[in-house]
Structures are given as C-alpha cells and as structure tokens.
Amino acid sequence: MTRYRALLLLVFLLLLSSAHPPWAAGAEETPFRVGVILDTETLIGNVSRTCIAMAVEDFYAAHPGYKTRVDLHFRNSGGEAVGAASAALDLLNQVEVQAILGPQRSIQAKFVIELGRRTQVPIVAFSAKSPSLSPTLSPYFIRAAMDDSSQAKAIAAIVNNFHWREVVPIFEDSEYGNGMTRSLVEELQEKGAAVPYRSMIPLAATPDQISSELLRLKGMRTRVFVLHASYALGVTVFTQAKEVGMMGRDYVWLTTYSLTAASDIVGATAVDVMQGVVGVKPYLRQTPKLTNFKRRWARRFKEENPGTALTEPLVFGLWAYDAVWALAMAAEKIGPADLARSRRNSSSEDFGGLRQSPIGSKLLHSIMNVDFEGLTGRFRLVEGQLDSSTSEIVNLLREGPTRVGFWTAAKGVTRHLTNGTGLRRIIWPGDQRETPKGWEWPMQGKSLTIGVPVRPGFGHFVDVRRDPETGRYHFDGFCIKVFNAVMDSLPYKVPFDYVAFDDGTGDNNGTYDDLVYKVFLQEFDAVVGDVTILANRSRFVDFTLPFTDSGVTMVVPITDGQSKSAWVFIKPLSGDLWLASGCFVVFTGLVVWFLEHRVNEEFRGVPSNQVGTVFYFAFSTLVFAHREKVVSNFSRFVVIIWVFVVLILTSSYTASLTSMLTVQQLQPTVSDLSDLIKRNERVGYLNDSFMPELLKQLKVNNNRIIAYSSPDEYAAALDKGTANGGAGAIVDEIPYLKVFLSKYCCGKYAMVGPTYKTNGFGFVFPKGSPFLPDISRAVLNVTEGKMFAMLEEELYGVGIPLDKSFNVASSSLKLSNFRGLFLITGTASGGALLLFLVFFFYNNPQADSILRSDNSPQGKFLLLLKLFDEKDARNEEAETRGGEETTDINGGGGGGNGAAENPNHICSQLQSPSSMSNHTYGNVDDDDDGAGTPPEGNETPGREIGDRDTETFSFSGLSTPRGNEPA
C-alpha cells in the first residue's frame, strides 16, 4: 500500500513538472497562428528571426495576463519569389495561419499580397518597402516599415539643398529598385533637378559589366549619383567605381538605407570603398528600452551566429519586433472566442483550396488601430503603413557613419530636429571639403564651341574680323568682352572657342533664329552676341539673365520748335478740357444769377440785360475782372470756390503755354507709332532681327517697313524721309538706338514714343545646361561692377544725351488732370443751389399753395417763376429804412412776410379771397373805374378762386384761365 501511494505521488509530481499540463494556466491561452516568411540565408533574415523571437518573449513577459498568444510558424523562401509563394500557400492551407509576417523582399511580397487579398489574411511586411506595393490598393497588405518614397523625398531635398541640377540614379533591376527609382525621379523633377540618364544594373551583373556601365557614366558631365540597390550588389558597384576613378574629387554619391547600413553588414570592405558617401536612414530615438534591447540582442545573436561581426540589429529587425507586438495586441483585442474559430483543413496547395478567414476583416481593423511606443518610435499606421516622417542623414567615413543632419516632412533638410538650416560639414569622396558643383566637363582637352553672329554694321556689340593672311578670326565687341568677364569670374575654368557664324563673305550664315537653333541641334554649345531673349526662342534653348537695357522704341528726326502755329494758344489745353471749362463757366454764372436775382439789383432788369450779366460775370471771373457785387452768402461761397478753380486752371494754362513758346526749342516730327501709321510713313528696322514680327503686331503695313544694316543707313534714311525714299522713323531695340545716337548726337534725332517690352540681350545655352545657373549669377556680378560701367561708357560714349525724350502727345493738359477741381466746384454750386431752393420754399408758403393748386404743370411753373422773379420784400424794407444793403440770413431766399408787406404781391389775394369782378390779379378794385384802390370796410364776396369759368386775369402780362386759379 505504501508502494502504491508512493507511485501515485511520483506520477503526480511528474505531471506537475510537465511543460503544459491540461489544468495549467497556459492551457487557457488561445494560440494566434502567425506565419513568418524569411530568407534565412541572408543576414537580414537571420537578424529579423532573432528579433521576432525576442518580441514574442518580451511581449508576454510584459503582459502576463493575456488570454491569447502569438504562435509563430517560420518558413524559408530561399530568396526567390516562387519560394515565398509556396511558403505562403503552405501556411494558409496546412497551418491555417491567421496572419503572415513578411516576406522579406518586395518582389516576393507582390504574389503573397494577392494570396492575402483572396483569403482575407493580413500580410504584414517589415522590409518590403517598394512604393509600387501600395496598401491603399491592397487592403490586406500592411507595411510596418518606412516607405521608400520618404527616402526619395529626403534625397531630393539633399540635392536641392546643394543646388545640383542633374542627377543620375543607379538602381538594381528588380521590383525593389524600379519602384524606388520612379518615386525618386518624380521628387527630383519636382525640385527642379533633371535626370538625363537612368542606369539599371542587373542582379546577375558581373564586375566587368558594372565597370563598363560606370565608364559610360564617367563620360557624361553629371557627377551626382544616387545608388539604390541591395547591400551585396551596392558594395560591388562601389568597388568598381573606385577602380575606374569615380570615388575621387568632384563626385557625389548618395545612397538609400540598404547601402547606408552596408558598413554595419559587410564591415571593412564597405568602409574602404564608400568613403565620402552620404546616405539616409530611418531616424531612431535612443531610448532606454532600445538600448536595453540592443544589448540583449547582441548577446543572443552572437550565441546563435558565432563569428558574426554585427553588434547592433538592423532597423529591419526592429521593425519586425514592433510588428510582432502590434499583432499580439490586435489578437488580444479580438479575444480568444474569435481566434478559436477554426476552418476545415484542406490538403490542396493551389488556389482552389484557399478559404477566406472568418476573422480577417476584424483582425485587419484591429491591427490598423494599434497605437503604442515601440523600439523604432511611435507605432501608428496611417493608410496601411507606418507613419514615419523623419530620416537621418549620415556621412560615411573611415571612423564610421557620422550624422550631419535630418530630413523631416515638415521642415525639410535641417541641421537639428528642432532648429537650424542646412547640414553640418560633409567630407566628400576624395577627402574633398568644399561642396562639389555636381557636374564636370567630361572630356579632357575639349572646349565649348560658341557660335558668334557676324554683324558688320553694328560692330560695337560684336566685331568679327578675319585675317586674310592666316584665315583666323578675331572676336571683339561689347558682348564678347562681357562674356569673357563672366567666364573669368566663375569659380572654375571652362575652356571655350569662338566660332564665327558667317557665310564666307563676312555676313551671317542665316538669321539670328537660325543661329539660336544651332544650339538646339547641338552644333554649338552656346551662342554669344547681341541675341535678344524672346519667348519663341526659349522653347528650344535657355538664356542667361540679360546684360543690356530692355525694350523697343523709335528714333525720329527733330525740328526747330520756334516756328509756332497761329493757334498755338489753344494747345495747352486738350479739347475735352476746353469744353468742360466752358460748360462750368456758364453753369457757375447761371448759379450765381439764380442766387442773386431776388436780392441784388445788379442781377435784375430786362431779360436781355440779365442774360448779358450772367455771361459777363461768369467769363470775367476767368481774369478776375468781375465788378458785380454779390450779397447772398450762398453766392459768395460759390464764387470763392470757383475763383480757386480758375486760379489753378489759369496758372496751369500759363505754365504750359510758356513751356511751349520758350522752353521747348526742338520737337520730333512724330510723337507716336500711330502717327506714322496714319501718315503712311515708312518705318525702318535692323536687318536680321525680330522687328518685322513686332511691327506686324503693332499694325504696321508690311509694305511700309524697310531693313537697314548700320547706323549710317539709319541716318541717311531719316534725313531723306519717306517722300524721298527714306523712312519717317527707325524702330529698334534701345541698345542699338543708343549706339546710333552716340554717333549722331548733334540734335538731329531723338528717341520718342512708348517703349515696347523686350528682355534685352542674353547668352544662349542648351536646355538644362549645368553652366546656366553659375553663368547667370556671374552675369549679375559683372553687370553690378565697375568694369561693366566702363564697358558701357566705351560703347555709348561719355556725356552723350542719350536719354533725352519727347512726348508731345501728352504735352496738352487733359480733363483728367482737373477732374477733382471740377468735381469740387460742381458740388459746391449744386449744393448751394439746392439749399437756396429749400429756404425759398420754406420762407414762401405761397409757393406751397401754388404747388397744391389745380393748375396745370405749366401753369404752376409760370406762377412759381413769377413768384421767384419778385424781389425779396425784406430786402425792399431794408432799403426803405435807409438804403442799407441787406443780406438774407437764410442765403437770400424769399421773405417770409412778403404777402403782408407788399399789397401787390400775388399771394395776398390767395390768402384773402374777395370780390374779383374785374378779375385783375394784383391790384384788385371792386369799383368800375379800375383805379386799383383797395376796398374799404367789409368787402363784398365775389367768386371764389376755385370756381372754374372762362374768365381770365392778368399777371404781369401773362394770361391764365380763371378756372386754373389757385384754390
């Protein structure tokens, strides 16, 4: 019995010591099956495997109470896309995994992602970074890594920071290489950098094939290269580049992360051949958690891989670590119940045996919403991929990678994450400290071939002479001297040779457009001369900044201005100003008469005298000779404003007329191109120029233009004039006209008329030329210096009045110059008149009675006119009291008690209706003698004024039907 009990106790102890007893806590954990596809023969695969295993251990050590547990199932892809697809089919059919981590390469992931879409199983990649793999297009694809397009943005920002204008990408021929290169080219072009060539290296390329391709690149002028390839192929490319001499001075090499970390992966070999390379890599903030993990990982990886030189995990392994944590968190959110739902196993390894995951969509949503602080920083998915917007920029040196700055999506290239612009000092290939210019003239002993136009007539700009004995050309002139100065100011030497564009007889071998097109055809490397910058030419070539004045104008003969016309006195004012002035003179006179008529005897009398007074007063104010005194405050205000306007108007007229008669001694024969067109004059221009097209746009008849070739021909044509076979004007660019005037500066010709916009002379280079930015900057430096001023003095002469201009068309004063003054006087006069009428109606209730009467509009107007014509009664009373001058405080309006004080007032009868048997309006007399004596005592009522009949009454000679009397 004792033995039996001892045996039972032994069995119980063995069960307790077993790893997973049925009643242990582990039995309650629901497995979350995750397939892992790696290339175990590669260093990245081995690093990632160790990181993934440690991630599972660390996660559940930090979360002991979780009900779910990640169950890893590793598969080796063998480094091929077919192997990755086979491994994925096995995991989906045989293991029935609920998620797949991997595969490792972009070309492998392409097929596995399609399997995930069909089965609704999330595919979480941590190293397949090609932008061609889009999570937005493949909903069950999740990229737990930094997209290569962010590296493309960082590299393009570096190129832009150093102002390089041409870049050649070198990339491996794979999905990984092609996808990144497309994004890189787009980003470079957006920054203004050209990509003249793309070098694609096959994965199986031999060192000799790589050397041959590099020699092709060396023969080009571009010296900025971006290498994007796996670390094994990339190190081979750098090894061959060093052998062919492309890792020395003036070369720039930029790399993506896979090669930036090559020194850590390959070791001394990569360090030796990659000196001076600038690379980008994901930025990792050094936290205690990351530091602790690196120490534990180094110890474990060395145990698993004896002899390894790698001391830190690659960022791919860190991304895999964080991806495992994200999967574990997502599984716990779903819960054991959903994870326990199983599918019927299928032995099929083809598409027919694939079934959709019952928890696929729920798991995908759970993964997308995971948010935690991982080893690489904040783990948060945005549109299906890791939200990572910061890259570190390092300089690969013998002592190891050295940080020189950062790139962020918000700030671009910065020295520090928080502030600072630009990058720290970089040591480039060949131990070069100064920044390479990014290009080099590739062939030793070869010079730039520069075409030069031949223009004998204007040798001031380009003077090309051929030695008859030697046949050699001599090049001189303003444009040649400026270009020589520009090239001498460059920080580097560029050999060049001038080539005359002549036909063997000393003339141009075509037009200037033909010469410019030779650059497009690559027959010339550049063109130097008096070549105007035009829009249609810029379609084929690029121009430097201009180095001369811009614009087109015309030169015409000038004549003695002393022989003035008999009607010169009307020229100071334009026609519309004369008309406006006359109208305001009459208007002001009428306003003053209206304001003064009732209160001022000088503005009363027979109609003919009043009309004369209006015009005499108005026009006499122009010379301040008016003698009529004004008594109304309103009138005084109007006259003060009007006299102020007249003062300015007459002063301006006097000044303009004086200038015409005395100051301006010379006048051009025409003042504008439109005058030439109206007079059908002939117009001259410089031969072989773009002037005919411009004159056509300006509506000049084609048969009225004629070409000339020199300043002497210009002078002869202008002296003859159109009538004698010459020209009425010469239309040309300002630099040519300045040269012409510097030779003929005796007061015979002048530049007149408007200036038509052009962009001046510039040097011509092919589109995308690397010389163009540097030469344009050099043009600015030269044109702002003293030497350029000396060259201009030599070209145009010293003390020549080249800028004398005439503009007769604008010598007359315009109405627009005085619009404000007329507005002031018009407003003042109108306002005074309006206020007068207000006071007039206010102080004369009779006027309101007239307006309310049943008279016709014409009758009302005549009655109001008669009322206005009567003199202000209060003014009469003031005169009778002493003949003193009285001014109405209300501005000269009618007296308020006029009806009571004036027995002859019209409205005294309206206010006191009485017998009007004689119907004489005014002096009413009931007697038959018609004496007009007012009745005494009580008056006998007669007809009421409102009664309508056919009798009439008299009103100062006006006859109005009795039926239309005011009520």
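Just a few scattered comments:
- Scanning region 137-146 for residues that are more than 12 Å from Leu381 (Cα to Cα) and within 37 Å of the chain's Cα centre (by Cα) turns up just one, Leu137.
- Number of the exception - Arg424 against (1) without any contact (Cβ under 8 Å) to a residue 40 or more places away in the chain; (2) assigned by TED's automatic domain parsing to the domain that holds Lys218: (2)
- Among residues of region 199-240, those that are under 18 Å from Asn178 (Cα atoms) and either outside the structural domain of His163 (by TED's automatic domain parsing) or loosely packed, with under 15 Cβ neighbours inside 10 Å (or both), counted: 3
- Residue within region 469-483 that is under 30 Å from Glu166 (Cβ atoms) and in contact with a Lys or Arg (Cβ under 7 Å, 6 or more places away or on another chain) present: no
- Filtering Tyr736, Tyr708, Tyr744, Tyr714 for residues that are among the aromatic types (Phe, Trp, Tyr) and modelled with pLDDT under 85 leaves a single hit, Tyr744.
- Pair list, Cβ under 7 Å, 6 or more apart: region 150-171 residue under 23 Å from Leu217 (Cα atoms), other residue assigned to a helix (DSSP H, G or I) and among the β-branched types (Val, Ile, Thr): Val167/Val159; Pro169/Thr181; Pro169/Val185; Ile170/Val237; Phe171/Thr181
- Of the residues examined, Thr181 is not one that is on the phi < 0 side of the Ramachandran plot, modelled with pLDDT of 90 or more and over 34 Å from the mean Cα position of the chain (by Cα).
- Against the list (1) at pLDDT 90 or above; (2) out of contact with any strand residue (DSSP E or B) (no Cβ under 7 Å at 6 or more places or on another chain); (3) not in a helix (DSSP H, G or I), the condition Ala485 fails is (3).
- Residues of region 373-400 that are within 21 Å of Leu259 (Cβ to Cβ) and loosely packed, with under 15 Cβ neighbours inside 10 Å: Arg398, Glu399, Gly400.
- Per the listing Ile480, Ile533, the residue uniquely surrounded by 15 or more Cβ atoms within 10 Å (Cβ to Cβ), closer than 30 Å to Val224 by Cβ and either out of contact with any helix residue (DSSP H, G or I) (no Cβ under 8 Å at 6 or more places or on another chain) or not assigned by TED's automatic domain parsing to the domain that holds Thr222 (or both) is Ile533.
- Residues that are closer than 22 Å to Leu318 by Cβ, at pLDDT 90 or above and surrounded by 15 or more Cβ atoms within 10 Å (Cβ to Cβ) do not occur anywhere in region 8-30.
- Residue in region 189-197 that is outside the structural domain of Leu363 (by TED's automatic domain parsing), at pLDDT 90 or above and acidic (Asp, Glu) present: yes
- Test: residue in region 693-708 that is polar (S, T, N, Q) and not in a helix (DSSP H, G or I): yes
- Residue list for region 77-104, filter: touching a Pro at 6+ places or on another chain (Cβ under 7 Å) and assigned to a strand (DSSP E or B): Ala99
- Selection within region 387-411 - more than 27 Å from Asp371 (Cβ to Cβ) and in a strand (DSSP E or B): Ile393, Val394, Asn395, Leu396, Leu397, Gly400, Pro401, Thr402, Arg403, Val404, Gly405
- Residue list for region 750-761, filter: surrounded by fewer than 24 Cβ atoms within 10 Å (Cβ to Cβ) and modelled with pLDDT of 85 or more: Asn759, Gly760
- Candidates Val47, Val124, Val112, Val95 - the one that is buried (at least 18 other Cβ atoms within 10 Å of the Cβ) and either within 18 Å of Phe32 (Cβ to Cβ) or small (Gly, Ala, Ser) (or both): Val124
- Within this structure, Phe547 fails the test of being in contact (Cβ under 8 Å) with a residue 12 or more places away in the chain and either surrounded by fewer than 19 Cβ atoms within 10 Å (Cβ to Cβ) or among the hydroxyl-bearing types (Ser, Thr, Tyr) (or both).
- Only one of the numbered conditions (1) touching a helix residue (DSSP H, G or I) at 6+ places or on another chain (Cβ under 7 Å); (2) in a loop (DSSP other than H, G, I, E, B); (3) surrounded by fewer than 24 Cβ atoms within 10 Å (Cβ to Cβ) is not met by Ser130, and that is (3).
- In region 71-99, the residues that are β-branched (Val, Ile, Thr) form Cβ pairs under 7 Å with partners that are assigned to a loop (DSSP other than H, G, I, E, B), at six or more places apart or across chains, as follows: Val97/Val121.
- Of all residues in region 184-223, those satisfying the criterion of being in a loop (DSSP other than H, G, I, E, B), under 19 Å from Thr256 (Cα atoms) and either free of Cβ contacts under 8 Å to residues at least 12 places away in the same chain or within 37 Å of the chain's Cα centre (by Cα) (or both) are Lys191, Ala193, Val195, Tyr197, Arg198, Arg223.
- Residue match in region 455-472 (condition: surrounded by fewer than 17 Cβ atoms within 10 Å (Cβ to Cβ), on the phi > 0 side of the Ramachandran plot, in contact (Cβ under 8 Å) with a residue 24 or more places away in the chain and part of a loop (DSSP other than H, G, I, E, B)): no
- Any hit, region 569-585, residues being assigned to a helix (DSSP H, G or I) and under 19 Å from Phe868 (Cα atoms): no
- Qualifying residue in region 509-516 (condition: among the hydroxyl-bearing types (Ser, Thr, Tyr), more than 16 Å from Leu795 (Cα to Cα) and part of a loop (DSSP other than H, G, I, E, B)): yes
- Only one of the numbered conditions (1) closer than 30 Å to Gly721 by Cβ; (2) surrounded by fewer than 22 Cβ atoms within 10 Å (Cβ to Cβ); (3) touching a residue at least 24 places away in the same chain (Cβ under 8 Å); (4) not polar (S, T, N, Q) is not met by Val555, and that is (2).
The values are calculated or read from the model by the stated rules, or taken from the named source; none is laboratory data. The structure displayed is predicted, hence computed values, not measured ones. All Cβ positions, even for glycine, are placed from backbone atoms using ideal geometry, and neighbour counts span all protein chains on display.
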